[in-house]
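The values are calculated or read from the model by the stated rules, or taken from the named source; none is laboratory data. Since the structure is predicted, the reported quantities are computational estimates derived from the model, not experimental observations. Neighbour counts run over all protein chains shown; Cβ positions are idealised from the backbone, glycine included. Quick note on the areas: whole protein, heavy atoms, side chains included, nothing else; ligands and nucleic acids left out. Shrake-Rupley method; radii C 1.70, N 1.55, O 1.52, S 1.80 Å.
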Amino acid sequence: TKHVIKNIQWTTAKNFTVERGRQQIEELISTWDIHESWLHHSEFLDDEELKDSKRYHYRACWGLPTCRKPVPRATASVYFVIVISKFQPDVS
């Protein structure tokens, strides 16, 4: 079977905020086929000022907590970088 990658409608650069970026990452993650036993949280890590753009760094961390072990012994993280152009603030 062919796996279709779903995408979301990303906000424009002029409407971007750190929280909106995190919400959109959550929206993207919700399109992924991940078993419900994997729980995750996402967080903003840092921003990085560059000459032509600004980069916003985020992390989503997954784990398999159980009643016996509510703090997972193993986790998996995915890192995201949202790049906002300084020259095209009206473009997504």
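Rolling a 1.4 angstrom probe over region 1-63 with all protein chains present gives an accessible area of which 49% lies on carbon and sulfur atoms. About its Cα centre, the dipole of the chain is roughly 260 debye, where the only charges are +1 on Lys and Arg Cβ and -1 on Asp and Glu Cβ.
With Cβ to Cβ distances under 15 Å as the rule, what net charge do the other residues near Gly21 carry (K, R +1; D, E -1)? Mind showing how you got there, number by number?
Values: positive: Lys14, Arg20, Arg22, Lys54, Arg55, Arg59; negative: Glu19, Glu26, Glu27, Glu43, Asp46, Asp47, Glu48.
With Lys, Arg at +1 and Asp, Glu at -1, the net is -1.
Exposed loop positions in the chain were taken to be chymotrypsin sites (Phe, Trp or Tyr not before Pro) whose DSSP state is not H, G, I, E or B and which have at most 16 other beta-carbon atoms within 10 angstrom. Between these positions, the longest stretch is 39-86.
Against the chain, whose longest principal axis comes from its Cα atoms, helix 18-29 is set at around 50 degrees. Using heavy atoms of the protein chains and a probe of 1.4 Å, the accessible area assigned to Thr31 is about 40 Å². Applying a DSSP loop filter and a limit of 15 other Cβ atoms within 10 Å to the trypsin sites (Lys or Arg not before Pro) in the chain leaves Lys2, Lys6, Lys51, Arg68, Arg73, Lys86. Dipole of region 50-92 computed with +1 at Lys/Arg Cβ and -1 at Asp/Glu Cβ about the Cα centre; of Tyr56, Phe87, Cys67, farthest Cα towards the positive end is Cys67.
For n ≥ 4 DSSP H runs only, could you compute -39500 (n - 2.57) per run for the chain, divide by its residues and tell me the 222 nm figure to the nearest 500? Present the calculation step by step, with values, prior to reporting the outcome.
On the way: 1 runs with 12 residues, N = 92.
So the helix-based figure for the chain works out to -4000 deg cm²/dmol.
Taken per residue, the accessible surface of the chain reaches 77 Å², heavy atoms only and a 1.4 Å probe. Taking a ≥ b ≥ c as the square roots of the Cα gyration tensor eigenvalues, region 13-85 comes out prolate, since a/c reaches at least 1.5 and a/b is larger than b/c. Can you return the aspartates and glutamates within cross-link range of Lys54? Criterion is Cα-Cα under 20 Å, with same-chain partners fewer than 8 residues away left out. Partners found: Glu19, Glu43, Asp46, Asp90.
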